[in-house]
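Visitor: Would you mind keeping the following structure in view while I ask a few things?
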Amino acid sequence: APPECPFCGEAAGRELEEHVRARHGHLLGAPGTGNGEQLYECPMCSLTCTNIEILEEHVDLHLEEHSFSEGGNIRDLELAQQLQTEEDERQRSEEEKREREEFKKLQRQYGLDNSGGFKQQFLRNMEREVDRGRMQPFEYHKRKADMMESLASGIDDGKTKTSGVIEALCKYYQNENKDVRRVWLSAGVDHFHSSLGDRGWGCGYRNFQMLLSSLLQNSFYNDCLRDTTLIPSIPKIQSMIEDAWREGFDPHGASHFNNRLHGSKAWIGACEIYSLLTSLRIKCQIIDFHKPTGPMGTHPRLFEWILHYYSTDNEGGAKVVCTSKPPIYLQHQGHSRTVVGIEEKKNKSLCLLLFDPGCSSQEMQKLLKQNSDGTGLKLLRKFVGSLKEKQYQIVAVDGVLSLEEKVARCRASQVLTSEKIP
């Protein structure tokens, strides 16, 4: 606050000295004491002076001190404000830098960093294999030629495929007498695993190949798949999803990928699988298990839903039920797999049978020669306590759409929502 006049209390600011002299000069002198000596009392500190000039100099010092103090406070405040502004700018700059780095990290993680797609990764990984002595140059050139042919035709080369596992499982369960009460299996499914070109990001595409391999073996879907008679390559699947987007499916999801998948390592999930299947006139639905429904973060409702899916219309008394049901696409944060069946134990507990794209064909081949003790089934079995992600989504196929139904679903997908299990 500005200095106040010690005589009248009026705020005088920097003009305090002039104010005191002009308004209260007559008060600087005071009656003398009894010995006749004239005394002068300082109006600011009550110091008594015997000389008016000395008193004036003394008051001047007070006024200078007030002026210096006021100026110092202003300078201190300005400095503090400047330092705070600089600190705020520094923190804002660091936060923006962290956000940019996190965004780039997410782009790399989900294949949206423009670092190339299947072809570029395939070639880079083969070059590393040659450099490390794990691949001969002639094999490199042969595999490169095969890969280029596959890309040109749009057909998967089949080198990561394992067929016949469902049939082998059916035979195994016929003879299993330990703890399985009943088991339901999908219609025939080929297993596809990740290759040098899609390792780390291709699980969604590989699971679509598994699902499609089953649909192609079912004549019920012949009309929908007349233009897709062979398993497409991953770049071809990317183009097919882009075609679905151009038809109008899931514009919100398309914008997430900037309407472009081909030539990238972008991860796909349940919404992209739904859009692609629906664009092919294959009737399907997304079911969202958005929170655990059991103790310890488990999802027993997920297992119950899948049991109902397989057992509906398959309630016969046989121990092993080889259904006509297609497999189920199962998604959670960071990975996806394919459900190919479900076991019901004698104690009524449930166990899913999953094909994982991360499992190599060498491991899957072992299931074709299943031992009587069933140890190889550890690759496939997942009990309730094994699936403890926060959320799961499934895409389940349930028939064929008419052209009118396809158009209606396309419109609905523009505000696509999944059915949530409470």
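The values are calculated or read from the model by the stated rules, or taken from the named source; none is laboratory data. Computed from a predicted model, the values in this text were never measured in an experiment. Neighbour counts run over all protein chains shown; Cβ positions are idealised from the backbone, glycine included. Accessible surface is based on the protein model in full, side chains and every heavy atom, while ligands, DNA and RNA are left aside. Shrake-Rupley method; radii C 1.70, N 1.55, O 1.52, S 1.80 Å.
Visitor: Looking at the structure I just gave you, is Ser186 polar (S, T, N, Q), surrounded by 16 or more Cβ atoms within 10 Å (Cβ to Cβ) and modelled with pLDDT under 95?
Guide: For Ser186, the condition - polar (S, T, N, Q), surrounded by 16 or more Cβ atoms within 10 Å (Cβ to Cβ) and modelled with pLDDT under 95 - is not met.
Visitor: I would also like to ask the following. So which residues in region 112-147 are touching a residue at least 24 places away in the same chain (Cβ under 8 Å) and open to solvent by 60 Å² or more (accessible area, probe 1.4 Å)?
Guide: Asn114, Lys119
Visitor: Looking only at residues that are surrounded by fewer than 16 Cβ atoms within 10 Å (Cβ to Cβ) and not hydroxyl-bearing (Ser, Thr, Tyr) in region 315-334, which one is nearest to Gly399 (Cα to Cα)?
Guide: Here the answer is Glu315.
Visitor: If we scan region 279-290, do we find a residue that is in a loop (DSSP other than H, G, I, E, B), at pLDDT 95 or above and open to solvent by less than 10 Å² (accessible area, probe 1.4 Å)?
Guide: No, because not a single residue in region 279-290 is in a loop (DSSP other than H, G, I, E, B), at pLDDT 95 or above and open to solvent by less than 10 Å² (accessible area, probe 1.4 Å).
Visitor: Consider only pairs whose beta carbons are under 6 Å apart and that are at least six residues apart or on different chains; among these, list those whose first residue lies in region 262-283 and is within 17 Å of Glu247 (Cα to Cα) and whose second residue is among the acidic types (Asp, Glu).
Guide: Partner pairs satisfying both residue conditions: Cys271/Asp250; Ser275/Asp250; Ser279/Glu247; Lys283/Asp398.
Visitor: Quick check on my filter: what residues within region 139-158 are assigned to a loop (DSSP other than H, G, I, E, B) and farther than 19 Å from Gly263 by Cα?
Guide: Result: Gly158, single match.
Visitor: Considering only residues that are buried (at least 20 other Cβ atoms within 10 Å of the Cβ) and more than 19 Å from the chain's Cα centre (by Cα), which ones fall in region 377-394?
Guide: Once the filter is applied, which keeps residues that are buried (at least 20 other Cβ atoms within 10 Å of the Cβ) and more than 19 Å from the chain's Cα centre (by Cα), region 377-394 yields only Leu380.
Visitor: What pairs come out if I take residues in region 305-323 that are basic (Lys, Arg) and pair them with residues that are open to solvent by 50 Å² or more (accessible area, probe 1.4 Å) whose C-beta lies under 8 Å away, six or more apart or interchain?
Guide: Filtered contacts from region 305-323: Lys319/Gln174; Lys319/Arg181.
Visitor: Same structure, new question: Cβ-Cβ under 7 Å, sequence separation 6+ or interchain: first residue in region 336-353 and of a type in the set (Lys, Arg), partner modelled with pLDDT under 95 and open to solvent by 10 Å² or more (accessible area, probe 1.4 Å). Which pairs?
Guide: Listed pairs, sorted by first residue: Lys345/Asp179; Lys345/Arg181; Lys346/Asp179; Lys346/Arg181.
Visitor: May I ask you to list the residues in region 181-203 that are among the charged types (D, E, K, R), touching a strand residue (DSSP E or B) at 6+ places or on another chain (Cβ under 7 Å) and touching a residue at least 60 places away in the same chain (Cβ under 8 Å)?
Guide: Selection gives Arg181, Arg182.
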